[in-house]
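The values are calculated or read from the model by the stated rules, or taken from the named source; none is laboratory data. The model shown is predicted, which means the values in this text are computed figures rather than measured ones. Cβ sites come from the backbone with ideal geometry, for glycine too, and all protein chains shown count toward neighbours. The protein model used for the area step is the full one, side chains on, heavy atoms only, and it has no ligands, DNA or RNA in it. Shrake-Rupley method; radii C 1.70, N 1.55, O 1.52, S 1.80 Å.
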Amino acid sequence: MEQEIRFCDVDGRRVAYATVGSGPALILPALWVSHLELEWGFEELRAFVGALASRRTVIRYDRLGTGLSDRPDGSAHLTLDAEVRTVAALADALGRERLSLLGMSWGACTAAAFAARHPERTRSLMLFGAYAHGAAVAPPELQLAIAATVRAHWGTGSRLLADIWLPGADAGMRERFARLQRAAASAEVAAALLESVYATDLRDVLPRISAPAVVVHRRQDRAMPFAQGREVAALVPRARLVALEGELHLPWLGDRDAVLAAVTAFLDEHDPPRAPSADGPLSLREREVLRLVADGLTDEEIARRLIVSPHTVHRHVANIRTKLRQPSRAAAAAHAARAGLI
């Protein structure tokens, strides 16, 4: 699979987002710093996202100030509230009224805050490497030392963070990850974001979540202690805790299959993609297109909704009419509705 990168407006600024796959929407809020184009060069991340995208539309983005998104001066936009607005703006831009969220690390805070604030738009919530109280992640003097190192010398700081997040990874992987961080954000933005990570406190927010939720955490995670994941699971009403072995903070490294198994099983239970009938003549994508035709959308509107070209939509509609032997779009939609195909 190849990702497609586009931009949407958030608070008057451009946020870069990438989509891959088709089906129900699954948003992966930004972890910390990111760069959609450069991180796609990591085979492990591509495999992880590709597995999720086999039956879903996976949406990732670069938060303002990082990656391909606008990089305004100052740090006023580097807040959890800004991230929640970004997720809502992305969902609106993609025409997704309801969605599932897979939040990882600081992205788990964004996902949880969105679910608490927008219960009507949240189908399911999955949190990996999450935390409830940033001040308890590490001793205060260590937090200050890490942020100060990042701000004073981004080269040394990025390698320090790579060592924390990727224990046991070979030197080549750690250096690639350090370079990615430096390309994704300036030293000042990276330090400010770290300070925001440590300042985040969701202990009053988590109990307000009503969506089905699962908390997945590796027992030996060095960057985010397992006790934090346990606290999150205890605070979110009826949340399920899945404890995995391992020490790597990034889910696509180490035993990613165990993470994928936990996440996809929960997704399939609470936000399953609509499967085609066993003997139906239309593919899953053709049924999706035809449902939008039945809703009265034009080819151009369907193209924007599905993030494809109008020519692709036109080709799908032509194939549908041929398969169903119908003279028009409207007739094909009516026939499919009567036959239970959509």
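Of Pro212, Pro327, Pro119, which is the most mobile in a GNM of the chain whose springs link Cα atoms less than 10 angstrom apart?
Pro327
Once amide H atoms are placed 1.01 Å from N in the peptide plane, what residues at a sequence separation of 5 or more from Ile59, or on another chain, have their amide H within under 5 Å of its amide H?
Long-range HN contacts for Ile59: Leu26, Ile27, Leu28.
To the nearest 10 degrees, how steeply does helix 329-339 sit against the main Cα axis of the chain, on a 0 to 90 scale?
Rounded to the nearest ten degrees, it is 90.
Rounded to the nearest 20 Debye, what is the dipole magnitude of the range 99-252 about its Cα centre when Lys and Arg each give +1 and Asp and Glu each give -1 at the C-beta?
Numbers: 17 positive and 13 negative charges, 84 e Å.
Taking the Cα centre of the range 99-252 as origin, the dipole is about 400 debye.
Per-residue HN-Hα couplings for the range 61-71, Karplus 6.51 cos²θ - 1.76 cosθ + 1.60 at θ = phi - 60°, whole Hz, x for Gly and Pro?
8, 9, 4, 3, x, 9, x, 8, 6, 4, 10
If you stretched the chain out fully between Ala152 and Glu301, how much longer would it get, using 0.36 nm times the residue separation minus the C-alpha to C-alpha distance?
Result for the pair: 48.8 nm of gain on full extension.
Once R0 is set to 45 Å, what does the formula 1/(1 + (r/R0)^6) return for the Cβ-Cβ distance between Leu144 and Leu284, expressed as a FRET efficiency to the nearest 0.05?
0.30
Nearest 5 percent is fine: what portion of the DSSP beta bridges confined to the chain is antiparallel?
Values: 12 of 33 bridges.
Roughly 35 percent of the beta bridges in the chain run antiparallel, per DSSP.
Taking the Cα centre of the chain as the origin and placing charges on Cβ (Lys, Arg +1; Asp, Glu -1), which of Leu206, His249, Leu125 is farthest toward the positive end of the dipole?
Working it through, the farthest residue towards the positive pole turns out to be Leu125.
7 Å from Cα along Cα→Cβ at both Asp9 and Ala47: what's the point-to-point distance in nm?
4.2 nm
Just the number, please: carbon plus sulfur as a percent of the accessible area of the chain, 1.4 Å probe, no ligands or DNA/RNA counted. Don't jump to the answer; show the numbers that get you there.
Numbers: 7400 of 14410 Å².
Exposed carbon and sulfur together represent 51 percent of the surface.
When DSSP assigns beta bridges and you keep just the ones with both residues in the range 1-106, what percent turn out antiparallel, to the nearest 5? Working shown, then result.
On the way: 11 of 17 bridges.
Of all bridge pairs located within the range 1-106, approximately 65 percent are antiparallel.
Counting Lys and Arg as +1 and Asp and Glu as -1, each charge on the Cβ, what is the dipole of the chain about the Cα centre in debye, to the nearest 20? It would help to have the intermediate numbers written out before the result.
Working: 42 positive and 40 negative charges, 212 e Å.
Roughly 1020 debye for the chain.
Given contacts defined as C-alpha pairs under 8 Å and at least six residues apart, what's the relative contact order of the range 110-214, whole-number percent? It would help to have the intermediate numbers written out before the result.
Values: 104 pairs, mean separation 52.8, N = 105.
50 percent.
Can you tell me the orientation of helix 140-152 relative to the chain, as the angle in degrees between its alpha-carbon axis and the longest Cα principal axis, to the nearest 10?
80 degrees
Using 1/(1 + (r/R0)^6) with R0 = 30 angstrom and r between the beta carbons of Ala258 and Asp204, what's the FRET efficiency to the nearest 0.05? Spell out each step's value before the answer.
On the way: r = 32 Å, r/R0 = 1.05.
The formula returns an efficiency of 0.45 here.
Starting from 0.36 nm per residue, how many nanometres of slack lie between Glu2 and Ala183 once their C-alpha separation is accounted for? Display every interim value, and only then the final one.
Working: separation 181, 0.36 × 181 = 65.16 nm, distance 2.14 nm.
Extending this stretch completely gives an extra 63.0 nm.
Placing +1 on the Cβ of each Lys and Arg and -1 on the Cβ of each Asp and Glu in the chain, which of Leu26, Ala191, Gly103 has its Cα farthest towards the positive end of the resulting dipole?
Farthest along the dipole direction, towards plus: Leu26.
Apply the Karplus parameterisation 6.51 cos²θ - 1.76 cosθ + 1.60, with θ equal to phi minus 60°, to every residue of the range 20-30 and state each ³J(HN,Hα) to the nearest whole Hz, in sequence, with x for glycine and proline.
8, x, 8, x, x, 7, 10, 9, 10, x, 4
For the chain, what does the accessible surface come to per residue with a 1.4 Å probe? Please give it in Å².
Counting only protein heavy atoms, the per-residue value for the chain is 42 Å².
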